[in-house]
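Comments concern the structure below.
No lab work stands behind these numbers, since they all come straight from the coordinates. Because the structure is a prediction, the values reported are computed rather than measured. No Cβ is skipped: glycine too gets one built from the backbone with ideal geometry, and neighbour counts run over all protein chains shown.
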Amino acid sequence: MLILECPYCGVAADETELSPGGEAHLVRQGPGSSDQELESYLFGRKNPKGVHFERWRHSYGCGKWFHAARCTMTLEVFATYSAQTPVPPKNVINAIKAKRPDWEGWT
Amino acid sequence: MKRYSAFAIAREAARYHQGWERAWAAPTPKAHYDVVIVGAGGHGLATAYYLGKNFGITNVAVIEKGWLGGGNTGRNTTIIRSNYLQDPSAAIYEKARSLYETMSQDLNYNVMFSPRGVMMLAQTEHEVRGYQRTAFANALQGVETKFIGPEKVKELCPIISLDGPRYPVLGALYQARGGTARHDAVAWGYARACSDMGMDIIQQCEVTGVRSEAGQVTGVETSKGHIGCGKLSIVVAGHSGQLAEMAGFRLPMEAIALQALVSEPIKPCMDVVIMANTVHGYMSQSDKGEMVIGGGTDGFNNYTQRGSFHHVEETVRALVETFPIISRLKMLRQWGGIVDMTGDRSPIITKTPLGNCFLNGGWGTGGFKAIPGSGWAMAELVAKGEPGPLAAAFGMDRFVEGRFIDESVAAGVAH
């Protein structure tokens with residue numbers, strides 16, 4: 001059972017209390033974008049084996065969307081943080097680097 | 001290769017079974033092959049087999065990082081059916097189903113194909129209409145299915161409860177020619193036939209890089225050294241994204257875990273496969289007597305080959321509603337596999353940005369049933385460089401063009 005701490009209400013929420021929302025920090029594409037940009041936005045995913053940044057919603061709790069940095073190989077959770085940011089914050093990056101020195105960083 | 005037959009059993013019995021050959025060779029990799037296939041699961045081995053059988057290409061290596069058939073081929077619930085709504089899906093799954101019918105004879109290997117029938121229960125009015133529509137679509141596609149009423153469902157499966165606590169059984173989409181097969185035997189049968197054609201199946205050999213020059217693949221780096229190739233075929237299911245990254249392109253695909261479980265063996269009580277998509281569970285009985293149960297997918301990206309207990313609980317709850325007889329059964333074991341889900345939940349059989357590199361993946365939660373059809377279509381793509389009629393609609397350019405193969409049955413789970 002995955003347990004994520006909601007950065008808004010502070011509850012350590014079980015997986016059953018949360019809804020996964022897919023990859024985080026996607027740059028939204030609109031009507032003016034090319035077919036390739038729209039395809040990449042809608043369907044192209046990093047799908048890494050390792051550190052992954054993703055969106056979660058505390059559905060059966062406070063209802064807020066938040067972000068999590070998690071390892072897709074071990075299910076280890078590095079950090080959860082506010083969804084109101086276009087890139088992962090510095091402290092999250094540092095928390096990951098402390099545990100995964102070989103990690104190539106967020107791109 | 002010595003043929004398997006009743007006479008062979010008698011002959012070997014007379015000499016204490018000393019004369020059986022190894023089913024496939026364990027070669028060391030050569031420096032170069034015409035075709036290298038990454039992934040010795042069902043789809044990869046079937047691709048190799050039909051390359052040899054249909055196109056005479058036998059200078060082929062199938063590379064596997066673990067053991068052959070050890071991924072999703074050995075982890076699925078062995079269901080075979082082709083009752084899909086959309087024409088491209090119906091065509092490839094029906095091709096696969098029809099190839100399963102003669103696979104044991106074709107490979108001289110008993111894959112225990114058992115066309116015992118598959119029922120997909122309709123438990124809401126919408127599902128009734130949806131499955132009636134699928135039955136009509138199947139009639140036009142030449143896939144034999146029919147919509148049956150609840151009395152027929154009860155007749156075919158006496159242990160079912162038609163009046164569940166949440167959803168009654170209002171009917172079912174029934175494919176009498178669907179069924180199950182022994183999943184390991186499918187991989188083993190193809191491997192034996194490929195080895196017999198002179199192909200090399202190289203196990204415990206992980207691909208660590210793809211080498212290319214001027215938009216063409218020249219070979220792969222592996223844990224057993226560099227292997228050159230004329231054409232590269234990537235057939236690795238859950239790890240498609242990793243291989244694509246090595247080759248320098250990105251896929252519209254995500255890896256998630258799907259799990260299954262089996263009960264302790266009991267006496268025969270159910271000779272049909274049942275899928276209940278509204279309450280969400282599916283079940284059949286294996287030849288060993290275990291009830292084989294398909295669970296749900298985790299909703300998040302995941303490369304761990306295990307499941308989670310709350311999904312087991314959901315699945316088992318649904319099945320106890322549907323089959324009250326199983327409420328006291330003990331579960332024997334539970335496991336997970338990594339499935340590759342595409343945006344429209346249909347597979348990708350495609351050319352790639354590298355001219356001589358081809359990819360077959362994205363079968364998501366429903367790949368086992370497709371193995372022979374997928375291999376057939378992929379072999380044609382690899383041999384000719386262009387997709388044939390079975391694969392044409394499954395190119396990954398469909399995501400740019402918005403030409404999705406949107407399967408109503410592809411719920412993302414019971415696919």
Q.
Explain nothing, just compute: Karplus ³J(HN,Hα) = 6.51 cos²θ - 1.76 cosθ + 1.60, θ = phi - 60°, for every residue of segment B:154-162 in order, whole Hz, x for Gly and Pro.
A. 5, 5, 6, 9, x, 7, 7, 9, 6
Q: Mind putting together the pair-distance distribution for chain B? All Cα pairs, 20 Å bins, whole percent per bin, short to long.
A: 27, 56, 16, 0
Q: Would you work out the relative contact order for segment B:1-99, in percent, from Cα pairs under 8 angstrom that are 6 or more residues apart?
A: 20 percent
**Q.** Dipole in debye (nearest 20) - the protein assembly as shown, about Cα centre, beta carbon charges: Lys, Arg +1; Asp, Glu -1
**A.** 800 debye
Q | Total formal charge among the other residues, if their Cβ is under 12 angstrom from that of residue B:113, Lys/Arg +1 and Asp/Glu -1 | A | +2
Q. Based on the Cβ-Cβ distance of residue B:331 and residue B:161, what FRET efficiency does E = 1/(1 + (r/R0)^6) give at R0 = 25 Å, to the nearest 0.05?
A. 0.80
Q: Please work out, to two decimal places, the log10 of the ratio I(q)/I(0) at q = 0.19, 0.20, 0.21, 0.24 Å⁻¹ from a Debye calculation in which every Cα of chain A carries one identical scatterer.
A: -1.00, -1.07, -1.15, -1.34
(Q) How charged is the neighbourhood of residue B:53? Take every other residue with its Cβ under 12 Å from the Cβ of residue B:53, and add Lys/Arg as +1 and Asp/Glu as -1. (A) -3
Q) Considering only the protein assembly as shown, what is the antiparallel percent among its DSSP beta bridges, to the nearest 5? A) 75 percent
Q: Let me have the 222 nm mean residue ellipticity of chain B computed from DSSP H runs of 4+ only, each contributing -39500 (n - 2.57), with the sum over all residues rounded to the nearest 500.
A: -9000 deg cm²/dmol
Q) Using modelled backbone amide H atoms (1.01 Å from N, in-plane), which distant-in-sequence or interchain residues come within less than 5 Å of residue A:21's amide H? A) A:55, A:56, A:57
Q) Of B:167, B:50, B:16, which is the most mobile in a GNM of chain B whose springs link Cα atoms less than 10 angstrom apart? A) B:16
Q.
Suppose every Lys and Arg Cβ carries +1 and every Asp and Glu Cβ carries -1, with no other charges. What dipole size does segment A:13-97 come out with about its Cα centre, to the nearest 20 debye?
A. 280 debye
**Q.** Inter-chain Cβ neighbour average for residues A:32-45, partner chain, 10 Å
**A.** 4
Q | Theoretical FRET efficiency, 1/(1+(r/R0)^6), r = Cβ-Cβ of residue B:384 and residue A:102, R0 35 Å, to 0.05 | A | 0.25
Q: Just report the Cα centroid separation between segment B:224-242 and segment B:114-178, whole Å.
A: 40 Å
Q | Unit charges at the beta carbon, dipole of segment A:3-99: most positive-side option, A:20, A:91, A:50 | A | A:91
(Q) For residue B:272, what residues show an amide H to amide H distance below 5 Å, using hydrogens built from the backbone and excluding near sequence neighbours? (A) B:285
Q: Please give the net charge around residue B:183, taking every other residue with its beta carbon less than 14 angstrom from that of residue B:183, where Lys and Arg add +1 and Asp and Glu add -1.
A: +1
Q | Neighbour-limited loop hits for GluC sites (Glu not before Pro), segment B:309-363 (at most 14 other Cβ within 10 Å; DSSP other than H, G, I, E, B) | A | none
Q | Karplus (6.51, -1.76, 1.60) ³J(HN,Hα), θ = phi - 60°, over segment B:11-28, in Hz, Gly and Pro reported as x | A | 4, 6, 4, 6, 10, 6, 6, 8, x, 5, 8, 4, 5, 8, 7, 10, x, 8
(Q) Just to be sure I understand the curve: with the Debye formula and one point per C-alpha of segment A:56-107, what is log10 I(q)/I(0) at q = 0.29 Å⁻¹? (A) -1.21
Q: Determine how many Å³ per residue the convex hull of the Cα atoms of the protein assembly as shown encloses.
A: 171 Å³
Q: Using amide H atoms built 1.01 Å from N in the peptide plane, name the residues 5+ places from residue B:219, or on other chains, whose amide H lies under 5 Å from its own.
A: B:211, B:229
Q: Give me a single rounded figure for B:254-263: the average over its residues of other chain Cβ atoms within 10 Å of their Cβ.
A: 2
Q: Compare the peptides B:219-226, B:367-374 by average per-residue count of other Cβ atoms within 10 angstrom and give them in order, highest first.
A: B:367-374, B:219-226
Q | Phi-based couplings in Hz for segment A:19-31 (Karplus 6.51, -1.76, 1.60; Gly and Pro marked x) | A | 10, x, x, x, 4, 8, 6, 6, 8, 5, 10, x, x
Q.
Can you say what percent of the DSSP beta bridges in chain B, counting only those with both residues inside, are antiparallel? Round to 5.
A. 70 percent
